[in-house]
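Everything below concerns the one structure shown next.
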Amino acid sequence: MRLKKYLLVCFLITLVSCGGIFGSSSSSGVTANDLVAARSNFQNTVGTVGKGTLNGGVGVSGGSIFGVSADPENGTISVWNLVENTFTKVNELLLLDEWCGSPCTWGIDSIKIVDLTGEGNDDIYVDYHLNDPEGQVFSQVSGSWISLKFDLGLHASSVSGSSITAYHEPCLPSCADGGAIPIFYSWDGSEFKSFAVDDFGNQFFLNSSPKCSSFTVTEFEPYKLCDRGDGIRYFQQVLYEYGLLYYSTGNPVDGYFGPDTEYSIKVYQFQNHIPVNGIVEGQWYHDLIENYNGLNGYAE
């Protein structure tokens, strides 16, 4: 069983920078020669830390050069700032809030610096395994390093250049049959997308929709994004109790049909071979409600 990650999540589903703003390296005064010298300097610094320490290289953030290293045995990532030609450790990031020991299979495989925004502001990407391969990105926000999250739950991921691909496998609708479906995510530096592919190669996009500026009171189905009402609240309660409602707020059952509710419906539709449109209507909706009412002894 995987362990809980030590994360500060900005918003579920969408990979974000939490509002961090950095100056690009081109305007920071840091030159290519500065980075070459810093790499050599940091290599020597890491060499004094201890055997087995991983060198993640150097990068630029906020106009300053920094370096990163990792302790594979303890699951920690160290951030070093370069001041007057000397690297000094300024942060130690926890990859997990509780590291995994025997007989769990675990370890940090690699660490590197990447520019995910294309603006010359670098982030830290860590490849690790905890029974299954996974990955994590840390980005500097307001002077502190924050862990960024790809999706709704545990994931595996990889990075190439400024692109990230990730996936998770939600277990829907109840895992009674052991079934799960891979849902893939990508981040190209400016846009986050998600999609799923069925056994026949059909691709369904499960993008998180924009937030609603206003909501329309709707008494009867069909229910759709940016509607609100008691019927929607009840349906959210059904999804929530079945474990089918993904949410990023403290009160997911609120009667407001927002992006999280729409996403949950799209995943359910795909898993159950229903046309994926994020709209609540038709027999599948009535069957879900009737099944819920029957299991809870509610009168028709």
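The values are calculated or read from the model by the stated rules, or taken from the named source; none is laboratory data. Computed from a predicted structure; not experimentally measured. In this analysis, Cβ positions are derived from the backbone assuming ideal geometry, glycine residues included, and neighbour counts consider all displayed protein chains.
Overview of values
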{"item": "Residue that is surrounded by 21 or more Cβ atoms within 10 Å (Cβ to Cβ) and either at pLDDT 80 or above or among the hydrophobic types (A, V, I, L, M, F, W, C) (or both), where the choices are 172, 95", "result": "95"}
{"item": "Close pairs from region 96-118: first assigned by TED's automatic domain parsing to the domain that holds residue 136 and over 11 Å from residue 129 (Cβ atoms), partner of a type in the set (D, E, K, R) and at pLDDT below 70, Cβ under 8 Å, at least 6 apart", "result": "96/4; 96/5; 97/4; 97/5; 98/4"}
{"item": "Pairs where the first residue, in region 210-235, is within 14 Å of residue 282 (Cα to Cα) and the second is outside any loop (DSSP other than H, G, I, E, B) and among the acidic types (Asp, Glu), C-beta under 8 Å, 6+ apart", "result": "224/262"}
{"item": "Residue count for region 242-284, restricted to those that are more than 26 Å from residue 213 (Cβ to Cβ) and either at pLDDT 90 or above or assigned to a loop (DSSP other than H, G, I, E, B) (or both)", "result": "10"}
{"item": "Region 251-278: number of residues that are of a type outside the set (Gly, Ala, Ser), under 23 Å from residue 226 (Cβ atoms) and touching a Phe, Trp or Tyr at 6+ places or on another chain (Cβ under 7 Å)", "result": "9"}
